[in-house]
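Below: one structure, written as structure tokens.
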Amino acid sequence: MSEAATTRRWAVLRRETGRALGAAIIALAVAFLIILFSSKTPLQAFATLTTAPITKVRTVGLWIDDVAKLTVAGLAYSLVFQARQFALGVQGQVYVGALAASYIALSPLGQTWCAIPLGIVCAMAGGALWGFLPGIAKARLGANEIVSSLMLNYVAIELANYLIRVDLTTPNSRLLSTAPFPSTAVFPALIPNTRIDIGLIFALTSVVAVWFALYRTSWGLKLRLVGHNSRFAQYAGIKEAFIIVSAMAASGALGGLLGAMFVEGRSFGKLAVSFEGNLAFEGLLIAIVARNRPLAVPVAALFYGYLRQGAQLMSIRTDVPSEIIVIVTAVIILLVASSYSVKPRAMLAAITRSSRPARTHVEAVK
Amino acid sequence: MTTENMAPLLQAIGISKTYPGGVVANDNVNIAVNAGEVHAVVGENGAGKSTLMKILFGVEQADSGELRLVGEQVRFGSPRAAINAGIGMVFQHFSLVPSFSAYENIVLGSEPRSGIRFDRRKAIEEVRALSARFRLHVDPLQPVRQLPVGQQQRVEILKALYRGGRILILDEPTAVLTPQEVTELFSAIRALVAQGRTVIFIAHKLPEVLEISSRITVMRGGKTIGEIETKDATEQKLANMMVGREVTLRVERKPYNGKVTLAVNRLSLMNELRATVCDDVSLTVRSGEIVGLAGVAGNGQAELIEAIAGLRSVAGGDIAIGGESILPLGVRARRGKGMASIPEDRISQGLALGASVAENLVATRLDDRLFARGGLLDLGEMRANAERLIERFSIRIDGPNALAATLSGGNMQKVVVARELSEQPRLLLVSQPTRGVDLGSTQFIWRILTETRNAGAAVLLSSADLSELLALSDRLMVFYRGRIVAAFRNSDELTTEMLGACMLGLSRQSPEEMRAALA
Ligand SMILES: Nc1ncnc2c1ncn2[C@@H]1O[C@H](COP(=O)(O)OP(=O)(O)OP(=O)(O)O)[C@@H](O)[C@H]1O
Ligand SMILES: [Mg+2]
């Protein structure tokens with residue numbers, strides 16, 4: 001019996017890996033086509049895209065640093081998605097967490113040993129608050145979590161911009177960032193001379209923590225049951241409102257942690273305007289590819305982070321515009337989203353056969 | 001006469017199908033359906049009926065074997081291919097778009113159009129004509145969400161017919177219907193056959209099969225056991241072929257004289273539209289007693305059970321367990337007082353299909369120290385619990401970690417029953433306990449319900465199946481328009497006809513007669 005379960009698990013693993021690899025290969029093929037049309041030296045550009053991240057220790061560091069951050073972002077999304085709450089507030093939580101960590105770092109406490117632990121705790125608390133708000137609004141008032149979490153993203157981003165300008169910069173400076181943090185408030189490096197710092201350890205710890213919370217605690221099982229069928233959860237006596245709010249707050253805490261990893265990490269060591277470069281949002285993609293499975297999140301982040309880093313290096317070193325990454329990302333999203341809802345064979349059949357577009361009907365109904 | 005005319009309309013030869021988990025659902029299955037017949041397929045839960053139908057309809061692909069349409073080999077790679085070949089199917093679990101109106105659901109995917117525009121008027125006309133022709137009356141403009149189950153099913157059937165289906169597969173169509181609706185469905189099926197269509201019909205209730213079909217294929221454990229002309233078949237013969245042993249549907253009931261466990265006092269309930277659905281209802285259920293609720297669907301009995309379960313707010317009156325009002329309590333606290341509940345709809349309410357069977361089996365007891373201490377799950381105990389219940393309730397699955405979604409309908413129901421009865425409840429609420437459940441399992445569930453009663457539970461049972469109510473209940477209450485209009489002590493003199501007359505509001509009891517059976 002357990003043998004059957006094991007073989008099934010392997011079959012699922014193989015299938016999922018196959019899908020992810022398939023998506024990656026097709027994405028690369030599409031990237032190649034685009035490069036072919038947009039570059040004078042397409043082969044060189046493509047080589048940069050696919051190999052640049054591993055050519056130097058420094059670029060490997062950039063890649064792994066991204067992976068750590070993408071992992072935390074992916075986990076934050078996975079957690080709420082498993083409860084079937086489509087909260088998209090990770091970006092805002094990152095800003096709030098970053099602000100909290102920055103205030104600690106730039107206060108007198110920032111000069112002491114407690115700068116990092118305290119900064120992280122405050123960042124997580126701030127992020128949790130930012131996740132809690134749309135959660136409680138949904139539980140108490142029935143407010144749609146997509147809308148409220150996106151609104152809160154803007155609030156957080158503008159709040160950060162404002163505070164950087166009026167409160168956190170050194171007087172008379174026109175920089176759009178704070179002064180560098182004291183070294184006590186910057187993560188120590190794990191591997192010298194790279195960007196790889198203890199943020200990686202936080203990311204891996206988060207993976208284990210989220211996996212444990214979801215699959216080994218009764219809270220996690222309740223959360224997943226709410227996600228599978230909320231009517232069933234109510235009928236079974238599970239306090240759905242509590243689960244929704246706590247899931248969103250816990251996810252917010254991860255978002256806050258990510259904020260601290262950004263500003264206290266070696267790549268920044270300060271708070272700057274638009275510091276997160278849309279990475280928080282890309283966690284959404286990681287969560288989709290990983291199917292919200294915490295253990296699959298770092299794997300997906302590894303792949304995606306590589307592509308992301310390759311594209312960035314390509315835009316610096318060759319004549320291919322950096323916008324290419326946006327297109328490649330969009331292609332991956334499309335591929336992944338469709339391969340996870342449509343069977344490939346059925347999709348192929350639908351493409352090759354001249355069937356009537358179903359779209360017309362939906363339009364008509366509207 | 002050519003051989004073409006001799007060949008069965010639709011034939012499956014040597015079909016085998018193993019699901020990814022390793023379950024052999026079909027093992028060298030054969031079926032031959034002739035044009036113009038109603039061909040029934042019977043078999044216990046998990047015998048592989050739905051799987052065979054899904055293969056005929058192109059939803060699943062057989063691992064081996066072949067399909068023939070009028071003697072010619074065909075392959076259905078997708079439902080689209082089967083539809084193009086004139087096959088339509090109504091699934092055991094419907095697949096309608098709730099917010100769309102009936103006619104939109106019916107034409108969805110093959111809409112009539114003028115130019116590129118969707119021609120609504122034409123669609124509505126066509127749907128009206130179709131429903132008149134086959135005696136399947138629905139209001140085309142109503143959103144499907146607001147239709148009762150029986151009408152939703154008509155929408156499904158019309159949808160298949162609209163696509164030009166000449167072979168119609170109905171997978172357990174009667175499981176969700178009231179007796180009245182079954183009669184209507186049968187007259188529609190007769191109209192279909194009279195107009196040259198062919199119907200494949202699956203059901204667990206043998207009297208229905210004997211009434212409507214002309215030939216029957218019997219399946220057991222993934223194999224076809226045989227084919228029999230309906231005129232040569234009897235209930236007992238079929239049952240023995242299906243189960244492979246003798247079955248009897250009788251339960252022994254001990255007399256009871258317990259204390260009042262559940263007291264409902266002058267209860268009023270309103271629905272979402274603030275219309276009264278339960279009006280001044282009072283009843284009691286004693287420990288060791290089964291009280292049956294009879295009524296045509298939509299007369300308030302389902303809402304009453306929801307209110308007791310804590311899933312519907314109360315507009316007036318009181319509900320008490322053991323003399324204590326439970327109105328202030330939530331679902332969890334009520335369950336803590338010994339309430340258990342088997343809901344009407346296992347898919348939408350009774351299970352989390354995406355979770356494993358082991359997880360489903362502990363979902364109501366996640367605050368129990370047995371399964372969760374200090375917030376941590378005891379996976380070993382969860383697994384042991386699942387294995388125990390799978391064994392005790394003979395649930396057919398390949399292990400506690402199987403997803404609930406991969407179970408056959410009857411086995412899903414057993415999971416729900418097993419969870420709710422894993423501990424002896426004080427008050428048991430039961431709705432439609434054997435809907436879509438095979439003969440052997442029906443017998444089993446009836447016995448379990450009776451045992452639970454004998455062990456001292458107060459049981460409130462609502463069922464659309466009057467023979468089930470008569471077989472199990474000690475007392476019966478009839479609901480009509482949100483009120484109890486008749487109450488009976490169960491006896492051999494009480495018949496389904498007497499209940500039916502009260503359910504339709506045709507006959508009434510005097511207050512004295514009613515009071516005698518109410519307490
Ligand atoms: N998608 C699936 N994946 C794995 N196993 C499945 C799947 N669907 C069905 N099965 C298994 O295949 C067997 C046959 O199931 P099927 O649904 O065909 O039975 P059935 O005769 O229709 O039963 P019921 O009367 O309960 O509806 C069952 O053991 C079931 O658990
Ligand atoms: Mg079935």
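Data table
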| read-out | value |
| --- | --- |
| Subset of region A:190-210 that is part of a loop (DSSP other than H, G, I, E, B) and exposed (fewer than 15 other Cβ atoms within 10 Å of the Cβ) - its residue that is modelled with the lowest pLDDT | A:Asn193 |
| Test: A:Leu254 is under 23 Å from A:Ala143 (Cβ atoms) and more than 14 Å from chain B (Cβ to nearest Cβ) | yes |
| Region B:389-419, residues that are within 14 Å of ligand 2 (Cβ to nearest atom) and of a type in the set (Val, Ile, Thr) | B:Thr406 |
| Members of region B:49-78 that are under 30 Å from B:Lys414 (Cα atoms) and within 14 Å of another protein chain (Cβ to nearest Cβ) | B:Gly58, B:Val59, B:Glu60, B:Gln61 |
| Every residue from region B:34-57 that is more than 10 Å from ligand 1 (Cβ to nearest atom) and within 24 Å of the chain's Cα centre (by Cα) | B:Val38, B:His39, B:Ala40, B:Leu56, B:Phe57 |
| Subset of region B:346-360 (residues that are open to solvent by less than 20 Å² (accessible area, probe 1.4 Å) and more than 8 Å from chain A (Cβ to nearest Cβ)) | B:Ser356, B:Val357, B:Ala358, B:Asn360 |
| Which listed residue, of B:Glu468, B:Glu493, B:Glu451, B:Glu497, is open to solvent by 50 Å² or more (accessible area, probe 1.4 Å) and closer than 20 Å to B:Val285 by Cα | B:Glu451 |
| Flag for B:Ala82 being open to solvent by less than 30 Å² (accessible area, probe 1.4 Å) and more than 24 Å from B:Val209 (Cα to Cα) | yes |
| Hits in region A:33-87 (condition: part of a helix (DSSP H, G or I), over 25 Å from the mean Cα position of the chain (by Cα) and β-branched (Val, Ile, Thr)) | A:Ile34, A:Ile35 |
| Extreme residue, modelled with the highest pLDDT, among residues of region B:30-48 that are open to solvent by less than 10 Å² (accessible area, probe 1.4 Å) and either near ligand 2 (Cβ under 10 Å from one of its atoms) or within 14 Å of another protein chain (Cβ to nearest Cβ) (or both) | B:Val41 |
| Selection count, region B:317-344, where residues are among the hydrophobic types (A, V, I, L, M, F, W, C) and in a loop (DSSP other than H, G, I, E, B) | 3 |
| Region B:53-79 - residue that is touching an Asp or Glu at 6+ places or on another chain (Cβ under 9 Å) and of a type in the set (A, V, I, L, M) and, of those, nearest to ligand 2 (Cβ to nearest atom) | B:Met53 |
| Selection count where residues are open to solvent by 50 Å² or more (accessible area, probe 1.4 Å) and either touching a residue at least 60 places away in the same chain (Cβ under 8 Å) or more than 9 Å from chain A (Cβ to nearest Cβ) (or both), scope region B:100-134 | 10 |
| B:Thr284 open to solvent by less than 20 Å² (accessible area, probe 1.4 Å), more than 25 Å from B:Gly150 (Cβ to Cβ) and polar (S, T, N, Q) | no |
| Candidate set from region B:378-426 (those that are away from ligand 1 (no atom under 16 Å from the Cβ) and of a type in the set (S, T, N, Q)); member that is farthest from the other protein chains (Cβ to nearest Cβ) | B:Gln424 |
| When residues of region B:328-345 are limited to those that are touching an Asp or Glu at 6+ places or on another chain (Cβ under 9 Å), touching a residue at least 12 places away in the same chain (Cβ under 8 Å) and over 18 Å from B:Gln301 (Cα atoms), the one least open to solvent (accessible area, probe 1.4 Å) | B:Gly338 |
| B:Thr198 vs. criteria β-branched (Val, Ile, Thr), more than 26 Å from B:Glu344 (Cα to Cα) and buried (at least 18 other Cβ atoms within 10 Å of the Cβ) | yes |
| Unique residue being part of a helix (DSSP H, G or I), touching a Gly at 6+ places or on another chain (Cβ under 6 Å) and within 14 Å of chain B (Cβ to nearest Cβ) when the list is A:Ala249, A:Ala213 | A:Ala213 |
| Helices (runs of 4 or more DSSP H) (entirely within region B:430-519) containing at least 3 residues that are over 25 Å from A:Tyr235 (Cβ atoms) and touching a helix residue (DSSP H, G or I) at 6+ places or on another chain (Cβ under 8 Å) | B:466-472, B:496-503 |
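The values are calculated or read from the model by the stated rules, or taken from the named source; none is laboratory data. If you're wondering where the values come from, they're calculated on a predicted model, not measured in any experiment. FYI the Cβ positions are ideal-geometry reconstructions off the backbone, even for glycines, and counts take in every protein chain you see. Ligands, DNA and RNA are excluded from the accessible area calculation, which covers all protein heavy atoms including side chains. Shrake-Rupley method; radii C 1.70, N 1.55, O 1.52, S 1.80 Å.
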